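Colleague: Quick one: the structure is below, and I'll ask about it shortly.
The values are calculated or read from the model by the stated rules, or taken from the named source; none is laboratory data. Here the structure is a predicted model, which means the values were calculated and not measured. With ideal geometry, Cβ positions are generated from the backbone for all residues, glycine too; neighbour counts draw on all protein chains shown. Only protein heavy atoms, including side chains, enter the accessible area calculation; ligands, DNA and RNA are left aside. Shrake-Rupley method; radii C 1.70, N 1.55, O 1.52, S 1.80 Å.
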Amino acid sequence: MKTYSTGGSEFVAVDNVSFDVREGEFVALLGPSGCGKSTILNMVAGLLPRSGGRILIDADGVEVGKVNPRVGYVFQRDTLFPWRTVEQNIGYGLEIAGVSKPERTERVAEAIGKAGLEGFGRSFPRMLSGGMRQRVALMRTLILAPEILLMDEPFGALDTHTKLEMHKTLLEIWERERQTVLFVTHDLGEALTLASRIILLSARPGRLKDDFEVSFPRPRDPVSLRETAEFGRLYSHIWHSLGEEFRRTKAD
Amino acid sequence: MSTRRAAILFWQIAILIIVLVVWQWGFEWSKALLPKAYVPKILDPYFVAKPSLIWQSFLRLGCFSDPAGVVACIGATDNNLWTATLVTLKNTWWGFLLGALSGIAAGVVLGRSDFLARVFGPYIIALNSIPRIALVPLVILIFGLGDLSKIATAWLVVFFVVFFNTFEGTRAVDRDQIAAARLMGANELTVLRTVVVPSALAWVFASLLPAVSFALVGVIVGEFIGAERGLGKLIIEAEARANASEMMVAIFIMMFVGILLALAVQSLQSYLLRWQPQFEPTP
């Protein structure tokens, strides 16, 4: 149970956005570029100060610069440490938490298996493809077992095929572990594939525009789901709403 | 490809042989063939010695000429080739190491603190503008004729080079990588150790290779101006006796010392930066 109330001032990036995310919910934050969806995410993570409003995780307010160990964050940009191998990258959080080496090795091996990265444990990130790097980034966050997962367009830089592969991996993991996810994207197909709820933001200044339940049955398959009539209907419905915002962005 | 490599090797060896031959016999040949006014002074063995003389001086100075009494020969003089080399190498290494470590430490601290960087910025620029060699007599006055003054000179030369590179490298660290580390629970010190330093290391190493040569220059200049032992001292002594071949021996040894130190830094670099494409171990 989380409550977000965010108000902006001066240069208004995000204005009066207020929503709740329930425990175990997969919420996609959808909107045209520049609508402040990443800003919201960064404020939730405590990376950015807010100019007004409140962000609560359970009953606790988010403080800037104070890391909440229950929250995991996956960046849009590649933030792997290039000087660490895949294993060392995934094990980073455990290492600084002081987890013993044998336990770390075991958990890292398990994570590598989950992400389908077997055989690449000792490779350095630059030897991997963009998709594999993002898998490493995902596992680096997930290995710390965060209850809340914040994802900022994590697959935005990937090609369509790799993106679908990543959706599959993420769905498998989420359907098993049911973290609370706040997933920022501007890709409607992606939001529909993954999320159980889509929050639509307007063009700048970002305001809450709409809120859709996405009730496709799970487990979902990212490819065949897109072929269902239900998917198509919801897609065009939201697209209509989203299209207005894209046009407004262009008109600026 | 292999023919190309063979051609490169061929020319490398050819150039070496040509240089050695001209050096050895060029002066005599040109004296025999050319009018006196056209004989190049630069080839005169009085000034530049010649390979055979240098080799003889090397054997004598290095106590190789009488195998029976090597130990006695080494013990006979205070500043024989062996001790001189060892002393210069040792002082260069310590000066380099201390200079590099303190340069890295200062660079990281100032690179991470905007306040300190602003406070110390003008002083560092002012100090860096002093030609380091101008300080050598002062350093010798303070630290004496022994090893300490040579180490201090090398330190002076190395510190600023490494400092500036580390400073820039620390500033260039990816902010998102730092944010990612923080979000995974790293505190300021852990961020420093696990993100800032490894990330800045590429910049640091870019300065270490020139720095190790600078350290050698610093030590040699220190030995020129005032020393009891060392290769620089050997050169000064040989100069007093107008002995070009002994000077050449010392110069060649310095060349090897320089190569040795550069190789040591390079191998450390290619290990620590093996995550970077240019240092990828060739399969």
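Colleague: Just checking, which of A:Leu164, A:Leu138, A:Leu128 is under 30 Å from A:Leu188 (Cβ atoms), assigned by TED's automatic domain parsing to the domain that holds A:Asp187 and of a type in the set (A, V, I, L, M)? I'd like the intermediate steps shown before the answer.
Modeller: Details: A:Leu138 fails: assigned by TED's automatic domain parsing to the domain that holds A:Asp187; A:Leu128 fails: assigned by TED's automatic domain parsing to the domain that holds A:Asp187.
Exactly one residue qualifies, and that residue is A:Leu164.
Colleague: Still on this structure, I have one more. Being touching a residue at least 40 places away in the same chain (Cβ under 8 Å), part of a helix (DSSP H, G or I) and not assigned by TED's automatic domain parsing to the domain that holds B:Trp203 narrows it down to one residue among B:Leu89, B:Leu53, B:Leu9; which is it? Full working, then the answer.
Modeller: On the way: B:Leu89 fails: not assigned by TED's automatic domain parsing to the domain that holds B:Trp203; B:Leu9 fails: touching a residue at least 40 places away in the same chain (Cβ under 8 Å).
From the options B:Leu89, B:Leu53, B:Leu9, the qualifying one is B:Leu53.
Colleague: What is the number of the single condition among (1) in a loop (DSSP other than H, G, I, E, B); (2) in contact (Cβ under 8 Å) with a residue 12 or more places away in the chain that A:Glu227 does not meet?
Modeller: Condition not satisfied by A:Glu227: (2).
Colleague: Picking from B:Ile74, B:Ile54, which residue would you name as being closer than 24 Å to B:Ala227 by Cβ, in contact with a Ser or Thr (Cβ under 9 Å, 6 or more places away or on another chain) and modelled with pLDDT of 85 or more? Give the derivation first.
Modeller: Working: B:Ile74 fails: modelled with pLDDT of 85 or more.
One residue alone meets the criteria, B:Ile54.
Colleague: One residue is enough: does the stretch A:195-208 have a residue meeting the conditions assigned by TED's automatic domain parsing to the domain that holds A:Gly31 and without any contact (Cβ under 8 Å) to a residue 40 or more places away in the chain? Reasoning before the result, please.
Modeller: First pass over the stretch A:195-208, keeping only residues assigned by TED's automatic domain parsing to the domain that holds A:Gly31: A:195-208.
Remaining after also requiring without any contact (Cβ under 8 Å) to a residue 40 or more places away in the chain: none.
Checked the stretch A:195-208: no residue is assigned by TED's automatic domain parsing to the domain that holds A:Gly31 and without any contact (Cβ under 8 Å) to a residue 40 or more places away in the chain.
Colleague: What are the residue pairs meeting all of these: first residue in the stretch B:95-115, first residue not assigned by TED's automatic domain parsing to the domain that holds B:Leu148, second residue crowded, with 16+ Cβ neighbours inside 10 Å and modelled with pLDDT under 95, Cβ atoms under 7 Å, and 6 or more apart or on different chains?
Modeller: Pairs found: none.
Colleague: Turning to a different aspect of this structure: Of A:Leu117, A:Leu128, A:Leu171, A:Leu164, which residue is more than 24 Å from A:Pro69 (Cα to Cα), open to solvent by less than 30 Å² (accessible area, probe 1.4 Å), of a type in the set (A, V, I, L, M, F, W, C) and more than 14 Å from every other protein chain (Cβ to nearest Cβ)?
Modeller: Sole residue among the options that is more than 24 Å from A:Pro69 (Cα to Cα), open to solvent by less than 30 Å² (accessible area, probe 1.4 Å), of a type in the set (A, V, I, L, M, F, W, C) and more than 14 Å from every other protein chain (Cβ to nearest Cβ): A:Leu117.
Colleague: Can you give me the number of residues within the stretch B:148-185 that are open to solvent by 40 Å² or more (accessible area, probe 1.4 Å) and part of a helix (DSSP H, G or I)? Let's see the steps before the verdict.
Modeller: At the first step, the residues of the stretch B:148-185 found to be open to solvent by 40 Å² or more (accessible area, probe 1.4 Å) are B:148, B:155, B:164-165, B:168, B:171-172, B:175-176, B:182, B:185.
Filter once more, so that each one left must be part of a helix (DSSP H, G or I): B:148, B:155, B:164-165, B:168, B:171, B:175-176, B:182.
The total comes to 9.
Colleague: Starting from the stretch A:88-114, keep only residues that are more than 17 Å from B:Thr190 (Cα to Cα), then list their pairs with residues that are open to solvent by 20 Å² or more (accessible area, probe 1.4 Å) whose Cβ atoms are within a distance under 6 Å, requiring at least 6 positions of separation or different chains.
Modeller: Every condition considered, the pairs that remain are A:Val108/A:Glu87.
Colleague: Filtering the stretch B:249-276 down to residues that are hydroxyl-bearing (Ser, Thr, Tyr) and within 14 Å of chain A (Cβ to nearest Cβ), which residue is surrounded by the most Cβ atoms within 10 Å (Cβ to Cβ)?
Modeller: Let us first name the residues in the stretch B:249-276 that are hydroxyl-bearing (Ser, Thr, Tyr), namely B:267, B:270-271.
The next check asks that each one be within 14 Å of chain A (Cβ to nearest Cβ); those that pass are B:270-271.
Values: B:Ser270: 15, B:Tyr271: 10.
Among residues in the stretch B:249-276 that are hydroxyl-bearing (Ser, Thr, Tyr) and within 14 Å of chain A (Cβ to nearest Cβ), the one surrounded by the most Cβ atoms within 10 Å (Cβ to Cβ) is B:Ser270.
Colleague: Still on this structure, please answer the following. Check off (1) within 14 Å of chain A (Cβ to nearest Cβ); (2) within 30 Å of B:Ile225 (Cα to Cα); (3) not acidic (Asp, Glu) for B:Ile151 and give me the number that stays unchecked.
Modeller: Unmet for B:Ile151, out of (1) within 14 Å of chain A (Cβ to nearest Cβ); (2) within 30 Å of B:Ile225 (Cα to Cα); (3) not acidic (Asp, Glu): (1).
Colleague: Do the conditions hold for A:Arg204, that is, is it in a loop (DSSP other than H, G, I, E, B), out of contact with any Lys or Arg (no Cβ under 8 Å at 6 or more places or on another chain) and buried (at least 20 other Cβ atoms within 10 Å of the Cβ)?
Modeller: Values: in a loop (DSSP other than H, G, I, E, B): yes; out of contact with any Lys or Arg (no Cβ under 8 Å at 6 or more places or on another chain): yes; buried (at least 20 other Cβ atoms within 10 Å of the Cβ): yes.
It is true that A:Arg204 is in a loop (DSSP other than H, G, I, E, B), out of contact with any Lys or Arg (no Cβ under 8 Å at 6 or more places or on another chain) and buried (at least 20 other Cβ atoms within 10 Å of the Cβ).
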